[in-house]
1. Output ³J(HN,Hα) for the stretch 123-140: one whole-Hz value per residue in order, computed from phi by the Karplus curve 6.51 cos²θ - 1.76 cosθ + 1.60 with θ = phi - 60°, and x for Gly and Pro.
2. Using Cα-Cα distances under 8 Å and only pairs 6 or more residues apart, what relative contact order does the stretch 142-213 have, in percent?
3. In debye to the nearest 20, how big a dipole does the chain give about its Cα centre with +1 on each Lys and Arg Cβ and -1 on each Asp and Glu Cβ?
4. Step through the residues of the stretch 156-166 one at a time and calculate ³J(HN,Hα) from phi using the Karplus curve (6.51 cos²θ - 1.76 cosθ + 1.60, θ = phi - 60°), rounding each to whole Hz and writing x for Gly and Pro.
5. Under the 0.36 nm per residue contour assumption, what length would be gained going from the current alpha-carbon distance of VAL79 and ASP48 to full extension?
6. By what distance, in whole Å, do the Cα atoms of the chain stretch along each of the three principal axes, largest value first?
7. Would you mind calculating the relative contact order of the chain from Cα pairs under 8 angstrom and at least 6 residues apart, reporting the percent as a whole number?
8. As I understand it, the value is the acute angle between the Cα axis of helix 112-121 and the longest principal axis of the Cα atoms of the chain; what does it come to in degrees, rounded to 10?
Amino acid sequence: MKTDGGSDAAKRRAGERAAEDVEDGFVVGLGTGSTTAHAIRALGRAVDDGLEIRGIPTSFQSRRLALEVGIPLTDLDAVDGVDIAIDGADQVVDDPDTAAHGALIKGGGAAHAREKLVDSAADRFLVVADPSKLTERLERSVPVEVLPDAHTVAAARIQELGGEPTLRDAECKDGPVVTDNGNLVLDCSFGQIDDPDGLATRLSAIPGVVEHGLFVDLADVAYVGREDGVERREY
Ligand SMILES: O=C(CO)[C@H](O)[C@H](O)COP(=O)(O)O
């Protein structure tokens, strides 16, 4: 469920800056989306120049791109740990005066279940974004991946929490989006989300919910690409 106003130049600056933090020997979580794609391409060029890394893709799309640019791949269960993960976001709270500073909404590409798995396993999780993603309060729809059998009962429980769930439809196929894990996605509008941590806990407790797109207290750094440079935020 993309609503993307960011410029590609800003995304490229953010992605390429994050790739500079990757060191020889690192296991790297490879996020999903157009901003992370710039980081993956930059890592592919670095691998051509001799950098030795192994990537763990978070989606079919990032796996395909990583293979295309020559990044050797591995799996979470084949490594002792993940040194760094680079991933995009649909919204990033940018308000140091709130506890939610650095909280994210992800899942515009319906990859948030594997993204959360890999990003949270990493010693350092770098978010890459353009300025259109920054916000004082999260207010976009929260993508919730559900087991296919659960989509109606999970939707009812989400309504009880004050959300308005909509089954995400595919664009070039009749019927719903089916995730890389074979599940469905409910895009859930809650209006302004004042307590992302509390909502995250309540969504996770719903039977049939595989994962939701609220990433609270996970990001370590954000690189925000601007037209003339990159801003770094530490969380
Ligand atoms: O969460 C994601 C995919 O599930 C993406 O990281 C998010 O949608 C941002 O994508 P983009 O960099 O293309 O704006």
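1. 4, 9, 10, 9, 8, 10, 8, 9, x, 5, 8, 6, 8, 7, 9, 5, 8, 6
2. After rounding, I find 48 percent.
3. 520 debye
4. For the stretch 156-166, the Karplus curve yields 5, 5, 5, 5, 4, 7, x, x, 10, x, 10 Hz.
5. Numbers: separation 31, 0.36 × 31 = 11.16 nm, distance 2.27 nm.
Full extension of this stretch gives 8.9 nm more.
6. Cα spread of the chain along its principal axes, largest to smallest: 53, 38, 35 Å.
7. Contact order relative to length: 23 percent.
8. 50 degrees
Any read-out appearing in this document is the output of simple, stated calculations on the displayed coordinates, not a laboratory observation. These figures come from a predicted structure and were not determined experimentally. Cβ coordinates were reconstructed from backbone atoms using ideal geometry, including for glycine residues, and neighbour counts include every protein chain displayed.
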